[in-house]
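Comments concern the structure below.
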Amino acid sequence: MIDDEVWARLDPTAGMGGRAARRAVLRSAWALASVALVTALGWGSGAVAPRLVDVPPRTTGALTFEDELGRPGAILVRMERGIENEGWLPVTINGMAMRGPGLRLVSVTVAGGGSFPVTIPPGGRAAFVLGVDVTDCRAARAAAPDLVVDAERWWGSGATTVGRPDDADPNLGFHLRSLCGQ
């Protein structure tokens, strides 16, 4: 037969009515809640992924070019975009791209002069002027394009999509409808 001392060494919670087991469960729950809170704060602060949003100025102008026979040809859209850093840490933008059907980004300049990289402090804004070539009118009208930036943070760099409000650019849709013929 096995002695009670041996069982006590094998199972330290034996004879305690489960109090130690409850304490262990509570400690695990507190640890899990702490990890969740730290993760949420890290995400919300912009430490994990930058919190960049599209803000005014959001102006759009468009030009259409005709070929030698007078047919409408290339459509070039000039957009001014503002980006705000809603995170708690500064973000450095090294480059920019546009993801959307029927559009091709041909130029990006920093509004008001300057060049890349551009560092946006927490709560700060930066403005950029984009030149976009419309390659397919029907596809371009189907969905608003995403603005993608190469963002550098304290731990590294990577591509980040700039968040946009519901009214992302009402002018772009108007210009595309008028220039593309619908």
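The values are calculated or read from the model by the stated rules, or taken from the named source; none is laboratory data. Only a predicted model underlies this, so the values are computations on that prediction, with no experimental measurement involved. In this analysis, Cβ positions are derived from the backbone assuming ideal geometry, glycine residues included, and neighbour counts consider all displayed protein chains. Note: accessible area is taken over every heavy atom of the protein model, side chains too, but ligands, DNA and RNA are not part of it. Shrake-Rupley method; radii C 1.70, N 1.55, O 1.52, S 1.80 Å.
Summary table
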read-out: Evaluation of ARG141 against (1) over 14 Å from ILE75 (Cβ atoms); (2) of a type outside the set (Gly, Ala, Ser); (3) open to solvent by 40 Å² or more (accessible area, probe 1.4 Å) (one fails), failing number; value: (1)
read-out: All positions within region 127-138 that are open to solvent by 20 Å² or more (accessible area, probe 1.4 Å), touching a Gly at 6+ places or on another chain (Cβ under 7 Å) and in a strand (DSSP E or B); value: ALA127
read-out: Selected residue (criterion: modelled with the lowest pLDDT) from residues of region 73-91 that are open to solvent by 30 Å² or more (accessible area, probe 1.4 Å) and out of contact with any helix residue (DSSP H, G or I) (no Cβ under 8 Å at 6 or more places or on another chain); value: GLY73
read-out: Qualifying positions in region 112-129 - in contact (Cβ under 8 Å) with a residue 40 or more places away in the chain and over 18 Å from the mean Cα position of the chain (by Cα); value: VAL129
read-out: Residue count for region 144-157, restricted to those that are open to solvent by 20 Å² or more (accessible area, probe 1.4 Å) and either among the basic types (Lys, Arg) or over 25 Å from GLY102 (Cβ atoms) (or both); value: 6
read-out: Residue count for region 111-126, restricted to those that are under 15 Å from VAL55 (Cα atoms) and either modelled with pLDDT under 85 or open to solvent by less than 40 Å² (accessible area, probe 1.4 Å) (or both); value: 4
read-out: Some residue of region 162-175 being assigned to a strand (DSSP E or B), crowded, with 16+ Cβ neighbours inside 10 Å and at pLDDT 80 or above; value: no
